Amino acid sequence: MTPSDRQVEDITPEDIGLYLQANKWSEEEVSDVLSVWTHADTELNLLAPRRSSVLDYQTQVSLLVRFLGEFEGRNPIQIASDMKFTGADVIRLRIDTSVIERGTIAFNKAAEVIIQTQHMLLAAARAAVHPQSFFVARPPTEVSDYLDTTRLGQTEPGSFVFTIISPVTFKVKAEDDHQSAVERKPKTPFARSVVSTLSRSLLAIRQAATPHDRPLGAVFEDLVEEGVSANLCDALYVIAEQSVDRAVELDFTWSAKVPRVGQEARSRIVVPPMITPVLSDMAKHLKQVAPQPGFEVMGKVERLSNQELGEGFDLALRAIVEGRERLIALQLSDAEREIASTAWKTGRSVFTRGVLDKRYRPYRLLEPDLFELINLDS
Amino acid sequence: MQNLGATPLPEPARKELYSYAYITAIAASAQCEILVPKMDYDSLDALVLPTRGGRLPLSVQLKATAADCINNDNVVFDLPIKNYDDLRSTERGIPAMLVVLHLPNEEDRWVTHQSDALLLRNTAYYLNLLGSPAVANQMTVRVHIPVEQQLTKGSLLGLLQHVATYRRLP
């Protein structure tokens, strides 16, 4: 299949060069109007136009895209689309449709996929800033600014393919402002970090589909560091629900403008249907165990020892958390240890505030910014 | 069936279709594909694309004439100036040539169907105009194609081989 002129319009010689470089082609010979490229693995040659001003430029690009389609075993339309967006990471989300739908998708399904795809990107962007099991507050400015730059590309045939364009040339303001002259070295753009985080988190979820000797919830808690969050799980669950095969299949074409050293220009990740149905439960679990900043605790000192609590935790408070009596472990400074010791001796209560982490037993209260004695009995 | 008042296909359109039939048959015999761009904006009617080897293509501008055009072992043809300028231009990446199909005067002899053959008359000639001089003509330029430059399976393969080796036409 040869793409139409419209499908290849706007593709520049620079786009072609970047695409070829990213796909293991190297420029061997150059003339005024043409350059000869050789493929690293096959030693195959192809000709690429060097100037868009020549009479038959669009014809040359059409033929080149057709040839690359045959060579890569891909739809030439996808290749043309990738060439147009060499300055962006392109993510293709494939929704499996039944044969009777003839490559169409119901409006309500399409709308749901688009909304959840945006949620998926938002979750990845927030995890790229700081991995967390659940995001509730407003996203930081760099995340909102990044989302404003992403685009929904043309849909493509092949069941039903949604195309997401994530320009890597986008720079968050902070990247410009806070860089000193010394620090001015090539840095991964935030947009690339977002898409890399998404890719890494999907791989982690795919890996979680293999059998484990631990509860799945505990496995997912460990995936938080990989960028998995309750928000991502919720989005993927709903996306999978729209697909006949209940899988989430994403194809990544990485921008040639930010090369990934030693890695392929494209990658594909399928989150299989054996794991997608439980993603909703995993989202609930991650929400439950999500660290809660600013959590206030009032309780009695149960233990003042680092013998049993481990990992530097030297105080156990007994307190009511969400209606149930719980033990909560804390790490204390010397001054706080003094207060705790007084509370232990006098039987008085303490009031503290920090980040509640419910992934552990006993629960942990991290980074307390307040620790004081109170007298409930007076 | 309702009479939709269809008009007969005009003669230029009929000649064009015969030209495509001719080049398609020759290309197929040389194991080449023919690609037809939707619009002829750069004097390109068809691309001959080999299915083997280096697969370097050849652009073709097709013309047809039923006039008595053979003179002193040359096919004489008045080529529109736009096509002449496009074909002589060095500003293209794919080698391009003019192909003129010489048809009989009588239209009923253009194609003859027999029980064992489909005969397309007469023959087509090719010409490489790359690097030809600029002319001041406003409408057409008279070009002369040596009659030995017949477009056949053998000559097409030779042209493609030359393109594959030198990236230009002889």
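The values are calculated or read from the model by the stated rules, or taken from the named source; none is laboratory data. Everything numeric here is computed off the predicted structure, so don't read it as measured data. Neighbour counts are summed over all protein chains in view; Cβ atoms, including those assigned to glycine, are modelled from backbone coordinates with ideal geometry. All accessible areas refer to the heavy atoms of the entire protein, side chains included, with ligands and DNA or RNA removed. Shrake-Rupley method; radii C 1.70, N 1.55, O 1.52, S 1.80 Å.
Remark: region A:225-239, residue by residue, has Karplus-estimated 3J(HN,Hα) of 4, 8, x, 6, 9, 4, 4, 5, 4, 4, 5, 5, 4, 5, 4 Hz, where x stands for each Gly or Pro and the curve is 6.51 cos²θ - 1.76 cosθ + 1.60 at θ = phi - 60°.
Above 39 angstrom, tally the Cα pairs of chain A and express them as a % of all pairs, no decimals. Value for chain A (Cα pairs over 39 Å): 34 percent. Remark: mean inter-chain Cβ contacts per residue of B:92-101 equal 4, using a 10 Å Cβ-Cβ cutoff to other protein chain atoms. Which one of B:Val141, B:Tyr126, B:Met97 is farthest out on the positive end of the charge dipole of region B:61-170, using unit charges on Cβ (Lys, Arg +1; Asp, Glu -1) and the Cα centre as origin? Working it through, the farthest residue towards the positive pole turns out to be B:Met97. For region A:51-94, the gyration tensor built on C-alpha atoms gives an oblate shape. Its axis ratio a/c (a ≥ b ≥ c) is at least 1.5, and a/b is not larger than b/c.
Restricting the calculation to Cα atoms, region B:49-134 yields a radius of gyration followed by a Dmax of 15.8, 49 Å. Remark: mean inter-chain Cβ contacts per residue of A:49-62 equal 5, using a 10 Å Cβ-Cβ cutoff to other protein chain atoms. Please grab the % of Cα pairs in region A:283-376 that end up more than 18 Å from each other. Cα-Cα pairs in region A:283-376 separated by more than 18 Å: 39 percent.
Only helical runs count toward this figure. For chain B, summing -39,500 (n - 2.57) over DSSP H runs of n ≥ 4 and dividing by all residues gives -7500 deg cm²/dmol at 222 nm.
Computed from Cα atoms alone, the Kirkwood hydrodynamic radius reported for region A:14-133 is 17.4 Å. In a DSSP loop and with at most 10 other Cβ atoms within 10 Å, the trypsin sites (Lys or Arg not before Pro) in region A:60-147 are A:Arg102.
Let me test this: with uniform point scatterers at the alpha carbons of region B:89-170, what is the Debye-based log₁₀ I(q)/I(0) at q = 0.14, 0.15, 0.23 1/Å? Summing over Cα pairs of region B:89-170 leads to -0.65, -0.73, -1.16. Note that chain B presents 54 Å² accessible area per residue, ligands and nucleic acids not counted, probe 1.4 Å.
Sorting A:Val278, B:Val60 on solvent-accessible area from highest to lowest, probe radius 1.4 Å, gives A:Val278, B:Val60. Straight-line cross-link partners of B:Lys82 among the aspartates and glutamates, defined as a Cα under 19 Å from its Cα and at least 8 positions apart when in the same chain: A:Asp56, B:Glu16, B:Asp40, B:Asp42, B:Asp45, B:Glu91. Rounded to the nearest 20, the size of the Cβ-charge dipole of chain A about its Cα centre is 800 debye, with Lys and Arg at +1 and Asp and Glu at -1.
Each Lys and Arg adds +1 at its Cβ and each Asp and Glu adds -1 at its Cβ; summed about the Cα centre, chain B shows a dipole of about 560 debye. Only helical runs count toward this figure. For chain A, summing -39,500 (n - 2.57) over DSSP H runs of n ≥ 4 and dividing by all residues gives -11500 deg cm²/dmol at 222 nm.
Scattering from the C-alpha atoms of region A:221-290 alone, worked out with Debye: what is log10 I(q)/I(0) at q = 0.15, 0.17 1/Å? Reported log10 I(q)/I(0), two decimals: -0.60, -0.72.
Pairs over the 28 Å Cα-Cα cut-off, from the set A:Lys257/A:Lys287; A:Lys300/A:Lys358; B:Lys15/B:Lys153; A:Lys109/A:Lys358; A:Lys187/A:Lys287: A:Lys257/A:Lys287; A:Lys109/A:Lys358; A:Lys187/A:Lys287. Tell me the carbon and sulfur percent of the accessible area for region A:222-375, rounded to whole percent, probe radius 1.4 Å. Ligands and nucleic acids excluded, carbon and sulfur reach 47 percent. Summed over both chains, the contact between A and B buries some 1600 Å² of accessible surface at a probe radius of 1.4 Å. The shape of region A:3-79 can be summarised by an equivalent ellipsoid whose semi-axes, obtained from the alpha carbon gyration tensor, come to 18, 16, 9 Å from longest to shortest. Averaged over the residues of peptide A:285-294, the number of Cβ atoms from other protein chains lying within 10 Å of each residue's Cβ is 0. Computed over every Cα-Cα pair of region B:27-71 and binned at 5 Å starting from 0, the pair-distance distribution P(r) comes out as 5, 20, 21, 18, 15, 13, 5, 2 percent. Quick check: at a probe of 1.4 Å, how many percent of the accessible area of chain B sits on carbon and sulfur atoms? Here carbon and sulfur together make up 53 percent of the probe-accessible area.
Descending by average beta-carbon neighbour count within 10 Å, the peptides A:8-18, B:101-111 line up as A:8-18, B:101-111, the highest first.
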